[in-house]
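One structure coming up, written as structure tokens, with questions to follow.
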Amino acid sequence: MRLELVAAATHPRESASYYQGLHACYSRFDAESAAKGRQDGERRVGLFFVLARERQTIVGGVGLHLRLAAGTLPVERALGDHVLLQHKLSAHRSVAELSGLWVDSSLRGSGMSQRLMQAGMAALPLLGADVGVGFSHQHVLGLYATIGLFPDPELSNFSYPDDRYLSSVLWADALDLSGVNAAVKRRIVKARATFVNGDKIRLPSERPPALDEALGRARGPRKAA
């Protein structure tokens with residue numbers, strides 16, 4: 001298993017696999033509306049992915065969106081022309097959003113979501129962003145907090161993608177990693193150095209048996225000899 005940082009503009013095949021997995025994941029939680037239209041609506045310039053790859057199959061990922069102009073981030077599209085959000089985003093020199101986290105169902109509980117988010121935060125300064133932003137609901141705020149993304153009390157409790165969820169805008173210092181515990185901070189810094197060198201992050205080879213089944217389905221039935 002390895003994690004890799006890719007640009008959407010130069011990796012169309014990986015981008016398509018990412019979106020396919022994203023839609024499948026969100027549909028399992030009946031939250032397809034949060035993913036609807038993403039692939040067509042998102043700009044390729046300034047869009048990157050951290051992908052989890054086992055053999056040749058993408059089994060998880062998270063999107064990294066640089067704010068190149070007003071209205072380009074997923075949170076901006078979700079909340080529309082929100083005056084306070086626009087004011088706070090514009091106050092920062094360079095912002096990137098971590099959005100669209102998903103993992104294959106076989107990897108739930110494996111820690112892969114944490115590793116993807118850590119790698120995503122590691123990549124932000126390499127893309128020119130010194131501030132990270134997120135937009136997520138009450139069930140996963142703890143995960144986001146582990147990488148330094150904390151809720152903004154002035155931009156919280158939005159019913160998104162529907163009334164089952166209370167979503168908040170989250171902010172992080174992508175350079176200093178304020179609020180991140182020492183062990184996780186070391187892991188993020190190490191991941192950043194790996195990406196700087198143009199390498200992929202190698203993860204332990206142990207994987208749940210269900211992942212082997214998922215990989216078998218992805219490859220399809222073997223042909224008879």
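The values are calculated or read from the model by the stated rules, or taken from the named source; none is laboratory data. Keep in mind it's a predicted model, so treat the numbers as computed, not measured. Every residue, glycine as well, gets a Cβ built from its backbone with ideal geometry; the counts of neighbours run over all protein chains shown. These area figures cover heavy atoms from the full protein model, side chains too; ligands, DNA and RNA do not enter into them. Shrake-Rupley method; radii C 1.70, N 1.55, O 1.52, S 1.80 Å.
Give me the residue from segment 129-160 that is more than 17 Å from the chain's Cα centre (by Cα) and in a loop (DSSP other than H, G, I, E, B) and, out of that set, nearest to Gln86 (Cα to Cα).
Once the filter is applied, the top-ranked residue is Leu155.
To continue, here is another question. Under 16 Å from the mean Cα position of the chain (by Cα), open to solvent by less than 40 Å² (accessible area, probe 1.4 Å) and free of Cβ contacts under 8 Å to residues at least 40 places away in the same chain: is that true of Val75 in this structure?
No: the conditions fail for Val75.
If you check Val169 against the conditions, is it more than 13 Å from Leu101 (Cβ to Cβ), open to solvent by 10 Å² or more (accessible area, probe 1.4 Å) and aliphatic (A, V, I, L, M)? Working first, answer last.
Working: more than 13 Å from Leu101 (Cβ to Cβ): yes; open to solvent by 10 Å² or more (accessible area, probe 1.4 Å): no; aliphatic (A, V, I, L, M): yes.
It is false that Val169 is more than 13 Å from Leu101 (Cβ to Cβ), open to solvent by 10 Å² or more (accessible area, probe 1.4 Å) and aliphatic (A, V, I, L, M).
If you go through segment 63-112, how many residues are part of a helix (DSSP H, G or I), small (Gly, Ala, Ser) and within 25 Å of His23 (Cα to Cα)?
Total satisfying the criteria: 3.
If I ask for residues that are under 14 Å from Leu175 (Cβ atoms), surrounded by 14 or more Cβ atoms within 10 Å (Cβ to Cβ), touching a Ser or Thr at 6+ places or on another chain (Cβ under 7 Å) and not charged (D, E, K, R), which ones from segment 102-130 would you list?
Within segment 102-130, just Ala129 meets the criteria.
Is there a residue being at pLDDT 95 or above, of a type in the set (Lys, Arg) and surrounded by fewer than 17 Cβ atoms within 10 Å (Cβ to Cβ) anywhere in segment 212-221?
No - not one qualifying residue is present in segment 212-221.
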